[in-house]
Amino acid sequence: MNKSTHVNSSKLHVAVIMDGNGRWAAARGLPRTAGHVRGADAVRRVVEAAPGLGIGTLTLYAFSADNWRRPADEVRTLLRLFARHLRSETPTLAERGVRLTIIGRRDRLPAALIDAIAGAERRTADGGALDLRIAIDYSARDAIVRAATRLAAGEHDRAAFARRLAEACGGAPPAPDVDLVIRTGGEQRLSDFLLWESAYAELYFTPRAWPDFDRHDLAAAVADFHRRERRFGGVQAVAVAETSA
Ligand code: IPE
Ligand code: IPE
Ligand code: MG
């Protein structure tokens, strides 16, 4: 596959705010990090199920720029988990045709994680079955600011801005607009995730904690999405028929 093109643009772009790991663990008398460990299993499940549900691009929010505020131990464990899983999952992802890219800043990440990211991106670069994007040290507002500072004179349109935004997020080609944002864990907010890309996204909130989220939950969210009527500022199909009659 040509790395500069986006083969999955006719399929759905689903973005997931994977929340509720800490509360899942606390409810079981476990340390918060136990929730993150179990959360990795949920990532595996949704990545496996996504192509069969018509999802071409899956963006997962793993670590926000604001998550550096957490206790150092939790941050260290999370970043180690990411590196370990990137290494262990890469062969399976490559086999299944999943192209993995990381969006977010890289300059504040530990060297071992940066290496694991580079290896995973290189070895999965030809994948055409699913574009899997994992957001690490990601802030939508920071990315928008960085993109704005990269705009050249005369670049005034949305497409040019989207290209600059993709550059500001790590260099992968721009993904299609987000169709559906799913947030697990019960909170109903965006927490600085894909603010530009989700301008017309459908929002789906579920109380299910991320470590419990499975392919049936993902299928339910996608089915709910297909029941929504997206109007993009226009009018309902039925209203059009009435006025033209
Ligand atoms: C999501 O779960 C994982 C990250 C933000 C890294 P949380 O760790 O935020 O879990 P809760 O929201 O405290 O339950
Ligand atoms: C959002 O969850 C970030 C990720 C899921 C990685 P948070 O748990 O950090 O969000 P807030 O603090 O509840 O808004
Ligand atoms: Mg949370």
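Does A50 satisfy being farther than 23 Å from D137 by Cα and either small (G, A, S) or not in a loop (DSSP other than H, G, I, E, B) (or both)? Answer is yes for this residue.
Once region 186-199 is narrowed to residues that are aliphatic (A, V, I, L, M) and away from ligand 2 (no atom under 12 Å from the Cβ), the residue that is nearest to I102 (Cα to Cα) is L195. Note on region 197-215: residues that are among the aliphatic types (A, V, I, L, M), open to solvent by less than 40 Å² (accessible area, probe 1.4 Å) and over 16 Å from R23 (Cα atoms) total 1.
Going by the structure shown, is R189 more than 16 Å from ligand 3 (Cβ to nearest atom), without any contact (Cβ under 8 Å) to a residue 12 or more places away in the chain and farther than 24 Å from A49 by Cβ? No, not satisfied. Look at (1) without any contact (Cβ under 8 Å) to a residue 60 or more places away in the chain; (2) open to solvent by 20 Å² or more (accessible area, probe 1.4 Å); (3) part of a strand (DSSP E or B) and you find that L100 fails only one, number (2). Anything in region 177-189 that is open to solvent by less than 60 Å² (accessible area, probe 1.4 Å) and out of contact with any Pro (no Cβ under 9 Å at 6 or more places or on another chain)? List them, or say none. Answer for region 177-189, where residues must be open to solvent by less than 60 Å² (accessible area, probe 1.4 Å) and out of contact with any Pro (no Cβ under 9 Å at 6 or more places or on another chain): V178, D179, L180, V181, I182, R183, E187.
Evaluation of L218 against the conditions (1) surrounded by 19 or more Cβ atoms within 10 Å (Cβ to Cβ); (2) within 16 Å of ligand 3 (Cβ to nearest atom) shows that the sole unmet condition is (2).
If I filter region 1-30 down to residues being more than 16 Å from ligand 2 (Cβ to nearest atom), in a loop (DSSP other than H, G, I, E, B) and at pLDDT 95 or above, which single residue comes out as surrounded by the most Cβ atoms within 10 Å (Cβ to Cβ)? Looking at the filtered set, the residue picked out is K11. In region 103-141, the qualifying residues are those that are over 16 Å from G171 (Cβ atoms) and of a type in the set (D, E, K, R), and the one that is most open to solvent (accessible area, probe 1.4 Å) is R141.
So that you can scan it fast, the table gives a plain yes or no per residue for (1) within 16 Å of ligand 2 (Cβ to nearest atom); (2) touching a Phe, Trp or Tyr at 6+ places or on another chain (Cβ under 6 Å); (3) of a type in the set (G, A, S):
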residue	(1), (2), (3)
R146	no, no, no
A152	no, no, yes
P176	no, no, no
T184	yes, yes, no
F213	yes, no, no
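The values are calculated or read from the model by the stated rules, or taken from the named source; none is laboratory data. It should be emphasised that the depicted structure is a prediction, and the values quoted were computed from it without experimental measurement. As a convention, Cβ positions derive from the backbone with ideal geometry for all residues, glycine included, and neighbour counts pool all protein chains shown. For the accessible areas, the whole protein counts, side chains as well, though only heavy atoms, and no ligand, DNA or RNA atoms are used. Shrake-Rupley method; radii C 1.70, N 1.55, O 1.52, S 1.80 Å.
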